[in-house]
Structures are given as C-alpha cells and as structure tokens.
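Peer 1: Before I ask anything, here is the structure I am working with.
The values are calculated or read from the model by the stated rules, or taken from the named source; none is laboratory data. The model shown is predicted, which means the values in this text are computed figures rather than measured ones. Here the Cβ positions follow ideal geometry from the backbone for every residue, glycine too, while neighbour counts run over all protein chains shown.
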C-alpha cells in the first residue's frame with residue numbers, strides 16, 4: 001500500500017534516553033515497536049536528487065522493506081516539512097537491482113535502532129533513535145503537537161534539529177576527525 005503525505009518533523013539530541021522514555025510514558029505514549037532499521041540512500045551519479053533537495057531511500061526494518069521518496073523541504077527554519085511518498089516492497093534486494101539498472105546507486109547507508117511510540121489514536125509519532133553518532137528523539141506530526149510534546153519533555157525550539165542523519169553524520173565525522181563513509185554500527 002502506498003502512502004503520500006506531507007511530513008513535518010524535528011529531531012532532538014538526547015543525553016538521557018531513560019529520562020525521555022519515562023517522559024513519554026508520563027505523557028501517555030506507548031511503545032508500538034522497536035526495530036533495527038537499515039537505510040540505503042540512492043541517487044544518480046550526478047547527485048540529481050540531492051541537488052534538488054530530494055531523497056530516495058530503501059529501508060529494511062525487521063523483515064519488511066519500504067521505499068520512500070521525499071521531496072524538497074520547505075524553507076521553514078524551525079521544522080522540517082516535505083512531501084513524502086512511500087510504499088511497501090516485497091523484495092528489497094531485487095528492487096535495489098532494478099533501481100541500479102535505472103541509474104540509482106547507493107550513496108549512503110545508515111543504521112539505527114528505533115523505538116516508535118504512539119500517543120492514543122493520534123497520527124503523530126515519537127521515535128527514539130539509537131544511532132552510531134548518538135541518540136535522537138524524532139517528533140513527527142502537526143507543529144503544535146511537536147511544540148507541546150517537546151516542551152513537556154524539557155526541550156525548546158532552540159533544541160530543534162532539522163538536518164538529516166546524513167548531514168549530522170558528516171558534522172560528527174568533521175568534529176571527531178573521522179573519514180566519512182556509512183553511518184553503521186561497528187565502524
């Protein structure tokens with residue numbers, strides 16, 4: 001089933017994951033799932049997608065695969081808002097071969113362990129991501145919900161991060177004098 005929407009999100013750097021988990025429970029969030037996610041970002045040799053602010057990603061989480069296209073983000077400084085189209089994929093490895101034949105190659109791979117939290121029947125989502133470069137809380141939903149939830153967890157607008165994991169990884173490598181490659185565990 002394909003889904004098309006506009007996503008609005010922020011990330012927050014988390015120093016104490018236990019405190020954030022307790023805060024989420026206090027706010028009525030329940031753990032919906034916890035999975036290891038492996039993402040492959042694809043682009044053409046001339047970086048046509050990246051050059052236009054777009055992203056094509058193939059994600060494996062659990063035994064499932066998901067293909068996602070994200071359009072260019074809006075010029076909003078506080079939130080990351082962009083069109084998103086995603087669909088489930090039966091065979092991610094075969095799709096990767098097809099995309100390769102069409103000129104799309106893996107340009108960045110990254111991993112995270114994501115705990116997804118839901119609050120009642122709200123369509124909004126909180127994702128606590130353990131990554132090789134640190135732990136982040138991603139809040140995705142309407143702007144007022146993001147602000148209210150972030151504030152209730154002790155964060156303010158100056159804590160909001162709208163950069164992608166790819167950009168955060170490059171910043172991390174620069175800060176720590178590392179040669180960038182893929183953001184995967186054990187490297």
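Peer 1: So, in region 148-158, exactly how many residues are surrounded by fewer than 16 Cβ atoms within 10 Å (Cβ to Cβ) and either in a helix (DSSP H, G or I) or at pLDDT below 95 (or both)? Write out each step before concluding.
Peer 2: In the first step, residues of region 148-158 are kept if they are surrounded by fewer than 16 Cβ atoms within 10 Å (Cβ to Cβ); the result is 148, 151-152, 154, 156-158.
After this cut, where a residue has to be either in a helix (DSSP H, G or I) or at pLDDT below 95 (or both) as well, the list is 148, 151-152, 157-158.
Number satisfying all stated conditions: 5.
Peer 1: Taking interchain pairs and intrachain pairs at least six residues apart, which have beta carbon atoms under 9 angstrom, with the first residue in region 94-113 and on the phi > 0 side of the Ramachandran plot and surrounded by fewer than 18 Cβ atoms within 10 Å (Cβ to Cβ) and the second at pLDDT 95 or above and in a loop (DSSP other than H, G, I, E, B)?
Peer 2: Pairs found: 103/44; 103/45.
Peer 1: Residue 26 is checked against (1) in contact with a strand residue (DSSP E or B) (Cβ under 7 Å, 6 or more places away or on another chain); (2) surrounded by fewer than 17 Cβ atoms within 10 Å (Cβ to Cβ) and fails just one. What number does that condition carry?
Peer 2: Going through (1) in contact with a strand residue (DSSP E or B) (Cβ under 7 Å, 6 or more places away or on another chain); (2) surrounded by fewer than 17 Cβ atoms within 10 Å (Cβ to Cβ) one by one, residue 26 breaks only (1).
Peer 1: Does any residue of region 103-113 turn out to be outside any strand (DSSP E or B), out of contact with any strand residue (DSSP E or B) (no Cβ under 9 Å at 6 or more places or on another chain) and farther than 15 Å from residue 164 by Cα?
Peer 2: Step one: filter region 103-113 for residues outside any strand (DSSP E or B), giving 103-104.
Next, only the ones that are out of contact with any strand residue (DSSP E or B) (no Cβ under 9 Å at 6 or more places or on another chain) stay: 103.
Checking which are farther than 15 Å from residue 164 by Cα leaves us with 103.
There is at least one residue in region 103-113 that is outside any strand (DSSP E or B), out of contact with any strand residue (DSSP E or B) (no Cβ under 9 Å at 6 or more places or on another chain) and farther than 15 Å from residue 164 by Cα.
To keep it simple, each residue is scored yes or no on (1) modelled with pLDDT of 95 or more; (2) in a strand (DSSP E or B); (3) in contact with a helix residue (DSSP H, G or I) (Cβ under 8 Å, 6 or more places away or on another chain).
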position: 21; (1), (2), (3): yes, no, no
position: 25; (1), (2), (3): yes, no, no
position: 31; (1), (2), (3): yes, yes, no
position: 37; (1), (2), (3): yes, yes, no
position: 46; (1), (2), (3): yes, no, no
position: 58; (1), (2), (3): yes, yes, yes
position: 87; (1), (2), (3): yes, yes, no
